[in-house]
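Engineer: Handing you this structure, nothing more for now.
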């Protein structure tokens, strides 16, 4: 059966694949610098075809940053071992967040560039603050049990931990030959054990 007139060779998109392309364009041009015309051009679709799937670029942004945030909160809510100490849980969250960043790199990159210029962006920032607050609570419990130092403000420790994790978006590439597990193990070891060599090393 032939394609309808005017639709030959036109790419077929569903909501997920449309979002994937939109995130790439948002990261390249900036969300504010991307119009629906540019999205339509990159997708090879008419604007009306895009509106068949979403209400506009703000919904696309909400879907994208929501995907990144949902993955991060899933790691935070995960309890791999009910008997784990707070320190072990904190290390698990850091390790798992590196894995999320690697798996959802374009989406996490976009999330970290959100500045709160719209309702969707403000909601994303509110969820990021909630995540940071919950990590800081975990740091406090880890300090109380003697697993991490207690002479630094827990919120500062949380920011330092995730400032390091988030910096990976600047250089990590999934196709660069560095296994995600190796990266997550190394970063967690450096953050929790430090760089100083032990006696006899």
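Rule-based calculations on the coordinates, nothing more; no lab input. Every value quoted in this text rests on a predicted model; they were computed, and no experiment measured them. Here the Cβ is made from the backbone with ideal geometry for all residues, glycine too, and neighbour counts use every protein chain on show.
Engineer: At a Förster distance of 30 Å, what's the computed FRET efficiency of residue 149 paired with residue 117, Cβ-Cβ distance as r, to 0.05?
Structural biologist: 0.20
Engineer: Turning to a different aspect of this structure: Based on the mean of other Cβ atoms within 10 Å per residue, sort peptides 127-140, 182-195, 59-72 so the most packed one is first.
Structural biologist: Going from most to least packed, we get 59-72, 127-140, 182-195.
Engineer: Per DSSP helix of 4 or more residues, -39500 (n - 2.57); summed, then divided by the residues of the chain. What does that give at 222 nm, rounded to the nearest 500?
Structural biologist: Value at 222 nm, helices only: -20500 deg cm²/dmol.
Engineer: Here's a follow-up. What does the extension gain come out to for residue 196 and residue 133, with contour length at 0.36 nm per residue minus their alpha carbon separation?
Structural biologist: Full extension from residue 196 to residue 133 adds 19.7 nm.
Engineer: If you look at just the Cα atoms of the range 64-193, how large are its Rg and its Dmax in Å?
Structural biologist: Cα-based Rg and Dmax for the range 64-193 come out at 14.6, 42 Å.
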